[in-house]
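I'd like to ask you about the structure that follows.
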């Protein structure tokens, strides 16, 4: 491959992808909206930081994709990709100053042009933008040539600045509520962004911890593995005890608003754990999962709400009926789709979810389900006369539900049924040839996942006090599928991480609210390209996706030896 071909294939094309991405987030209004929050006070806004992320990641990818081994060509590709990424917003600024683009793109405003050119008008602003692209490309190229550990530490340090800067509005109130930590808060943060001291201290602190774990982590794991089984059990029990104490006091540490966010994340964890049984363990793609969430919610509402008047059960009396209703609905769905696979199964389950939503909205069932007006006056759950009404109190109910569902999921995963699910996930025909009854195995997967979803729905309506049909649209199912993919398909910790990332962060950052679906799509594309196994993958999935790489690494090591 000639130098020109390499530049076109790795440098210019990759840079064009980056440039188009920058144009997209600029013209949909993300840059201008995110610019209201500073990462580093009076120096770097979140909108500009997002552009810089594209300006560094795409040149790094260009360097990584370069097939020629010469270092100067790799660096030149990174430099070219950075420059091309900057050319697209530069052309937008030039074109926007010549003609009015706001008739086509509402967000193509002088404010956006001013942000892209750092407030410098004319040719100077365009040159600054292009120079920034070149510098980002040069940084990415140099980053590529660094040793692996140093490169990882730098990436972690830069990510820590971005992450802490984004969630600073949540960290500051926590520090202020802890008395002496208020001094630390004032040292690290201003009213809108990190201080210079905070910008220096946070990456050093996080980088030191990361480097220590990378250098000593394997040794700690090795020493733990050499301990006697009784000692290992004591260490595990101590860790669980510390975690339990932390979880018990967590809502009182975080306060009212963050406890509310925790309850929302907890409900999605319950939903994700249920769908993880169906998709992660059994390999059955279910896009109508929100139907069981709605069934559990409406059964609990009908049995407890005086607005309907048919029943006056307590939450605890209604809960078994809600879960059993979800299980029955799971079996009811599973029977007609037993022979379906892949896309056909996904479409059929999607239709089931829409059927439930339309039935809830129908006038025929309005006397029992409330129609579009829903059901109100649903009482909060109570324990020994103590009503769980605030988010800090509901948190414990959701935590108890999550612990129960995690325990059941772990036991099922390691059971004979769990192994049958996983065999069916890998290859249904082979699983059937090995003697696995596909009918009962599939129905048990649908029923178990549906029961967990119905449990989440029952808790949700008791928390809110009302239920409406619009709360159960198809986007709920899509969100749950997304958090499983991002966290790691088949991984229980991955479900928790995925819920925190895709549900918790948008709840915390109101700037993301209008762009949630766009961010979801970008995150999914990025995950599929960069980390298809998820943030916290299941061991088997990780082995399947990276087994060949590990094998080749071992072969290279053996050859070198």
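Sorting check: for 105-116, 408-419, 319-330, which peptide has the highest mean count of neighbouring beta carbons within 10 Å, and how do the rest follow? Each step should come with its number before you reach the end.
Details: 105-116: 17.4, 408-419: 14.8, 319-330: 21.8.
Going from most to least packed, we get 319-330, 105-116, 408-419.
Between the alpha-carbon centers of the stretch 232-283 and the stretch 23-97, tell me the distance in whole angstrom.
Taking the Cα centre of the stretch 23-97 as reference, the centre of the stretch 232-283 is 37 Å away.
Taking the inverse of the average 1/r across all pairs of different Cα atoms in the stretch 106-209, what Kirkwood radius in Å do you get? Before the final figure, lay out each step's value.
Numbers: mean 1/r = 0.0608 Å⁻¹.
That comes to 16.4 Å for the stretch 106-209.
Using 1/(1 + (r/R0)^6) with R0 = 35 angstrom and r between the beta carbons of residue 440 and residue 151, what's the FRET efficiency to the nearest 0.05? Intermediate results must be reported in sequence, preceding the final value.
Working: r = 50 Å, r/R0 = 1.44.
It comes out at approximately 0.10.
OK, next. Translational D (Stokes-Einstein, µm²/s) of the stretch 12-167 at 25 °C and 0.890 mPa s when Rh comes from the Kirkwood sum over C-alpha pairs? It would help to have the intermediate numbers written out before the result.
Details: Rh = 16.0 Å.
Reported coefficient: 154 µm²/s.
Find the relative contact order for the chain and round it to a whole percent, using C-alpha pairs within less than 8 Å whose residues are 6+ positions apart. Can you show the working numbers first?
Working: 817 pairs, mean separation 82.2, N = 561.
Once divided by the residue count of the chain, the mean separation gives 15 percent.
Continuing with this model, one more query. How big is the C-alpha Rg of the stretch 255-475 next to the rule-of-thumb value 2.2 N^0.38 Å, as a ratio? Walk me through the intermediate numbers first.
Numbers: Rg = 17.7 Å, N = 221, 2.2 N^0.38 = 17.1 Å.
That ratio works out to 1.03.
Set the Förster radius R0 to 35 Å, insert the Cβ-Cβ distance between residue 68 and residue 523 as r into 1/(1 + (r/R0)^6), and round the FRET efficiency to 0.05. Could you put the intermediate results ahead of the total?
On the way: r = 32 Å, r/R0 = 0.91.
FRET efficiency, residue 68 to residue 523: 0.65.
Given the C-alpha centroids of the stretch 323-349 and the stretch 416-450, what is the distance between them in whole angstrom?
So the two Cα centres are separated by 14 Å.
To the nearest 500 deg cm²/dmol, what mean residue ellipticity at 222 nm is calculated for the chain from DSSP H runs of n ≥ 4 alone, each contributing -39,500 (n - 2.57), summed and divided by the residues?
Values: 26 runs with 405 residues, N = 561.
That comes out to -24000 deg cm²/dmol.
What is the Cα coordinate range of the stretch 63-112 on the first, second and third principal axes, sorted by size from largest, in whole angstrom?
Between the extreme Cα coordinates on each principal axis of the stretch 63-112 lie 47, 15, 15 Å.
Please compute, for the alpha-carbon atoms of the stretch 319-425, the extent along each of the three principal axes and give them in descending order in Å.
47, 41, 20
Taking a virtual spin label 7 Å from the Cα of residue 466 along the C-beta vector, which residues in the stretch 306-349 bring their backbone nitrogen under 16 Å of it?
306-308
Largest first and in whole Å, give the semi-axes of the chain's equivalent ellipsoid, each being the square root of 5 times a Cα gyration tensor eigenvalue.
On the way: eigenvalues 373, 182, 145 Å².
Taking √(5λ) for each eigenvalue gives 43, 30, 27 Å, largest first.
In what sequence do 260, 533 fall when counting other Cβ within 10 Å, fewest first? Please report the intermediate quantities before stating the final value.
Values: 260 19, 533 22.
Going from least to most buried by this count: 260, 533.
Every number here is computed from the coordinates shown, using simple stated rules; none is lab data. Here the structure is a predicted model, which is why all the values come from computation and not from measurement. Cβ sites come from the backbone with ideal geometry, for glycine too, and all protein chains shown count toward neighbours.
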